[in-house]
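**Q** Structure provided below as structure tokens; questions to follow.
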Amino acid sequence: MKPITECTCDEYVRRGLLNDVQKHRYAAWTVEENLAEISKILNNALDLRAEVLGLEAQAVQAALDLQLAEQIQVPETRISKIGIAAARKQSQTSAGSQPDPVDERSSLLSAARAAQIALHNTTGHALNYGERVSFLRSLYSDNINIAQERAWAIWIGATAYFGITVEAPPTWTGAFDSLFKFVIWVRKVNRLLDEGRRFERTQDVFFALGRHGFVGKDPSEITQQLRTAGKSVFRFKMVRDNIPGIKQDDVARVIGCGVTMTYGELHERFNAVFPTNADERSKLSFGLEYLSSARRSMGLSFDLQFPTQTVASDKLETVEKSWVLERANLSGVPPWFGGSPQDSIRITRDSQFINIDPFGEWEVSVGDNAMLPSHSLPREAAGAGFAAPGEFDEFKKPVDVILALRIATRKRL
């Protein structure tokens, strides 16, 4: 009974809470995943709490019943003996040599009570309420510790990536309504996220790192690097003006990312020879189809280092206000083979970078080799798909890197 009467289950949780909550234990950018997980945890916590309270009530009732039975046994025995003595006196009979039935009954009650108490203290027995409650309380406490860390990740993510203004997760005081405050807070964050979806819009934005001036002062700089053996690394800064249509009070986040490399295009050369040279026209027309097909079977490798993520808040320590994401590897990526941007570049949605802030310093690394179905070869040589006159060699060589971002923007709430 001591674990039950010493403190309530909510106070037990308060005593067992982690002194140092790890606010970045879970990825802050996976807000939807964290909300789904904390909802499961809190639902389980509600069930555990109800079960603990039920067992505690049974334990207290059993203890009171045992105490009452012990307390009234002596006076009941005395009353019974007085009644029997009076009846014998009235009937003028003696007790004889038979055992006193009142004493026998009292002994049986004491033995039954002792057996019940022994069961209450037997390890693993269903009547050992203290053991059962202690186990369920530990699960309940563990759930709340996990929920606290999830809640902080949700709060950081909702603030940084969705522009939601909401109070920090509630402090667990050990009061009877501590769990209810947690549940209400999660429901509030969910509601605010849903409200923001009314104002959300999505667009795919494509950035040619060389041609659009992200890397170097001239597009030829990135082209020269791509045509040099070895891994090519490009660093650049993304700012709000790079995203078309974004308003001052909007918050933007990445919900999909893709990257690819372009080779020289046939079109300018093709147009130059089209009016006068039917043989070259036929040859280049076939070459364009062949090369596009060949490029679809190639696989390039890219590494992306995303901008450092930040959140402005006086609820966090300085070291908690920024964090670095792991590098993402996109492999087996086909090069740009012409056509519309949506057809030429694969935009990937991944939990590693879903919802991240796109603004800041980026790094894109291009692998040295391209993979074909049967072997690999240097990326510069991978552009050649068929024999052509020397003046058309340019379209076989790397030219630029295209970064594609699927951006979701919404109003701050």
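**Q** Go through the residues of region 107-121 one by one and say whether even a single one is closer than 30 Å to Q73 by Cα, open to solvent by less than 70 Å² (accessible area, probe 1.4 Å), in a helix (DSSP H, G or I) and in contact with a Gly (Cβ under 8 Å, 6 or more places away or on another chain).
**A** Yes: region 107-121 contains one or more residues that are closer than 30 Å to Q73 by Cα, open to solvent by less than 70 Å² (accessible area, probe 1.4 Å), in a helix (DSSP H, G or I) and in contact with a Gly (Cβ under 8 Å, 6 or more places away or on another chain).
**Q** Could you tell me whether R406 is touching a strand residue (DSSP E or B) at 6+ places or on another chain (Cβ under 9 Å), more than 24 Å from Q305 (Cβ to Cβ) and modelled with pLDDT of 85 or more?
**A** Details: touching a strand residue (DSSP E or B) at 6+ places or on another chain (Cβ under 9 Å): yes; more than 24 Å from Q305 (Cβ to Cβ): no; modelled with pLDDT of 85 or more: yes.
No.
**Q** Related question: Restrict the check to region 30-40 and report whether at least one residue is polar (S, T, N, Q) and closer than 20 Å to K181 by Cβ.
**A** Of the residues in region 30-40, the ones polar (S, T, N, Q) are 30, 34, 39.
Within this subset, residues satisfying the condition of being closer than 20 Å to K181 by Cβ are 34, 39.
Yes, there is a match, as at least one residue in region 30-40 is polar (S, T, N, Q) and closer than 20 Å to K181 by Cβ.
**Q** Could we say that L300 is surrounded by 17 or more Cβ atoms within 10 Å (Cβ to Cβ), assigned to a strand (DSSP E or B) and modelled with pLDDT under 90 here? Give the steps one after another, and end with the answer.
**A** Details: surrounded by 17 or more Cβ atoms within 10 Å (Cβ to Cβ): yes; assigned to a strand (DSSP E or B): yes; modelled with pLDDT under 90: yes.
Spelling it out, L300 is indeed surrounded by 17 or more Cβ atoms within 10 Å (Cβ to Cβ), assigned to a strand (DSSP E or B) and modelled with pLDDT under 90.
**Q** Just a yes or no: is a residue in region 333-343 among the aliphatic types (A, V, I, L, M), modelled with pLDDT of 85 or more, within 29 Å of the chain's Cα centre (by Cα) and surrounded by fewer than 20 Cβ atoms within 10 Å (Cβ to Cβ)? Spell out how you get there, then give the answer.
**A** Here is the first cut: in region 333-343, the residues among the aliphatic types (A, V, I, L, M) are 333.
In the following step, the residues that additionally are modelled with pLDDT of 85 or more were identified as 333.
Applying the additional criterion that residues be within 29 Å of the chain's Cα centre (by Cα) yields 333.
Right, trim to surrounded by fewer than 20 Cβ atoms within 10 Å (Cβ to Cβ) and you get none.
No: zero hits.
**Q** Now for a separate question. Just the residues that are assigned to a loop (DSSP other than H, G, I, E, B), more than 21 Å from A252 (Cα to Cα) and small (G, A, S), please, taken from region 310-346. Let's see the steps before the verdict.
**A** If we filter region 310-346 for residues that are assigned to a loop (DSSP other than H, G, I, E, B), which is where we start, we get 311-317, 321, 324-327, 334-335, 337-340, 345-346.
Checking the rest, the ones that are also more than 21 Å from A252 (Cα to Cα) come to 314-317, 334-335, 337-340, 345.
Hits for region 310-346 are G338, G339, S340.
**Q** To continue, here is another question. Six or more apart or on different chains, Cβ atoms under 6 Å: show the pairs whose first residue is in region 244-256 and in a strand (DSSP E or B) and whose second is open to solvent by 30 Å² or more (accessible area, probe 1.4 Å) and of a type outside the set (K, R).
**A** As it stands, the answer is A252/I246; G256/I347, since those pairs meet every condition given.
**Q** Moving on to the next point. Any idea how many residues of region 15-36 are open to solvent by 60 Å² or more (accessible area, probe 1.4 Å) and under 18 Å from W185 (Cα atoms)? Walk me through it before giving the result.
**A** So the first thing to find is which residues in region 15-36 are open to solvent by 60 Å² or more (accessible area, probe 1.4 Å), and the list is 15, 18-20, 22, 24-25, 32-33.
Cutting the leftovers down to under 18 Å from W185 (Cα atoms) gives us 32-33.
Residues flagged as open to solvent by 60 Å² or more (accessible area, probe 1.4 Å) and under 18 Å from W185 (Cα atoms) within region 15-36 amount to 2.
**Q** Just a yes or no: is a residue in region 168-177 out of contact with any helix residue (DSSP H, G or I) (no Cβ under 9 Å at 6 or more places or on another chain), part of a loop (DSSP other than H, G, I, E, B) and surrounded by fewer than 17 Cβ atoms within 10 Å (Cβ to Cβ)? Talk me through it step by step, then tell me what you get.
**A** Kept after step one, since they are out of contact with any helix residue (DSSP H, G or I) (no Cβ under 9 Å at 6 or more places or on another chain), are these residues of region 168-177: none.
No.
**Q** Right, E361: in a strand (DSSP E or B), open to solvent by 30 Å² or more (accessible area, probe 1.4 Å) and either closer than 24 Å to T409 by Cα or at pLDDT 95 or above (or both) or not?
**A** On the way: in a strand (DSSP E or B): yes; open to solvent by 30 Å² or more (accessible area, probe 1.4 Å): yes; either closer than 24 Å to T409 by Cα or at pLDDT 95 or above (or both): yes.
In short, yes.
The values are calculated or read from the model by the stated rules, or taken from the named source; none is laboratory data. Because the structure is predicted, anything quoted here is derived from the model rather than measured. Don't worry about glycine lacking a Cβ; one is built from the backbone with ideal geometry, like all the others, and counts go over all protein chains shown. Side chains included, ligands, DNA and RNA excluded: accessible areas come from the protein's heavy atoms. Shrake-Rupley method; radii C 1.70, N 1.55, O 1.52, S 1.80 Å.
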